[in-house]
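Engineer: Quick one: the structure is below, questions incoming.
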Amino acid sequence: MFAEPLAYDSTVKLTLTHNISTCKMIDIRFDLMQTIGSIKESIEKRYGSDPKFMQLQLKDKQGNFISYMNDDVKFLGTYGAKDGYEVHIIDNNPNSVLNGLEDVNKVQKYTISDEDYDKLPVNMRKFKQQFLQQQAAGGNLGQNKPEIDDNYQEAEALQIAIGSRCQLNQGERRGTVRYVGQVPQMGLGYFVGIELDEPTGTNNGNIQGFQYFQCPQKFGIFVRPNELTVGDYPVLDFDEI
């Protein structure tokens, strides 16, 4: 009987470093039967350096120089490359695309005059002025909010009948009223449960294990009575949305 030949892996994993780029690429696999010319082409795709201006240095695992690899027709294996060795790329192109690429000081900064900045409809300066004016007038965030208790928006809720068609004031989503009443899991006061026409809701009528009404998942939503308008709101066709 003949012994089966041992499997031979002709590839090695090398580390790539560059004299311009700070990017270090680890465990890049190359075939020992690859020519240096094809390796340069592969490096060009990774770094952008032109092979015509490229010099390659082979170093061992400790970073000690072994040899230059500049003969494009020679195979990688002829230089004794092994797993973990380093290929250091030297880009001698004075017009290399990498020159200045990592120096942020060479990047042109966007500037705008104070006059043009003030013309912007929204900017930080205007926001700060409005905030300071509000503070000077004694207006703090959260001030003047209505007091919320068990009867909050009860009067508005009593005007809404279950089964009514409605439209949300924000987003103009439409649906059918399925529940009117208190929802302790969401806070004090009154809420309206709506089955939306589209799956843009947050639930199926169930809040923390309590089923207030039934509808498919994502079709249900609860809002305050003043966040919707009851009326003749037919289901929209896709062409109308």
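Engineer: Can you compute the radius of gyration and Dmax for the stretch 11-91, using only the Cα atoms, both in Å?
Structural biologist: 11.1, 28
Engineer: Can you tell me the relative contact order of the stretch 154-240? Whole percent, Cα pairs under 8 Å, sequence separation 6 or more. Could you put the intermediate results ahead of the total?
Structural biologist: Values: 178 pairs, mean separation 26.7, N = 87.
With pairs under 8 Å counted, the relative contact order is 31 percent.
Engineer: Can you give the charge dipole size of the stretch 11-91 about its Cα centre, rounded to the nearest 20 debye, using +1 on the beta carbon of Lys and Arg and -1 on the beta carbon of Asp and Glu? Walk me through the intermediate numbers first.
Structural biologist: Details: 11 positive and 11 negative charges, 34 e Å.
Once rounded to the nearest 20, the dipole reads 160 debye.
Engineer: Rank the residues 152, 68 as a footprinting-exposure proxy: fewest other Cβ atoms within 10 Å of their Cβ go first. All intermediate terms of the calculation are to be shown ahead of the outcome.
Structural biologist: On the way: 152 19, 68 13.
The fewest-first ordering by Cβ neighbours comes to 68, 152.
Engineer: Would you mind getting me the FRET efficiency between residue 83 and residue 55? Use the beta-carbon distance for r and R0 = 22 Å, nearest 0.05. Display every interim value, and only then the final one.
Structural biologist: Values: r = 23 Å, r/R0 = 1.04.
So the FRET efficiency works out to roughly 0.45.
Engineer: Let me ask another. Taking the number of other C-beta atoms within 10 Å as the exposure measure, put 10, 42 in order starting with the fewest. Please list the in-between numbers first.
Structural biologist: Working: 10 11, 42 15.
Arranged by neighbour count, lowest to highest, 10, 42 become 10, 42.
Engineer: Arranged by the count of other C-beta atoms within 10 angstrom, fewest first, what order do 236, 168 take?
Structural biologist: Going from sparsest to densest Cβ surroundings: 236, 168.
Values quoted throughout were computed directly from the atomic coordinates according to the rules given, and no laboratory measurement underlies them. The structure displayed is predicted, hence computed values, not measured ones. Don't worry about glycine lacking a Cβ; one is built from the backbone with ideal geometry, like all the others, and counts go over all protein chains shown.
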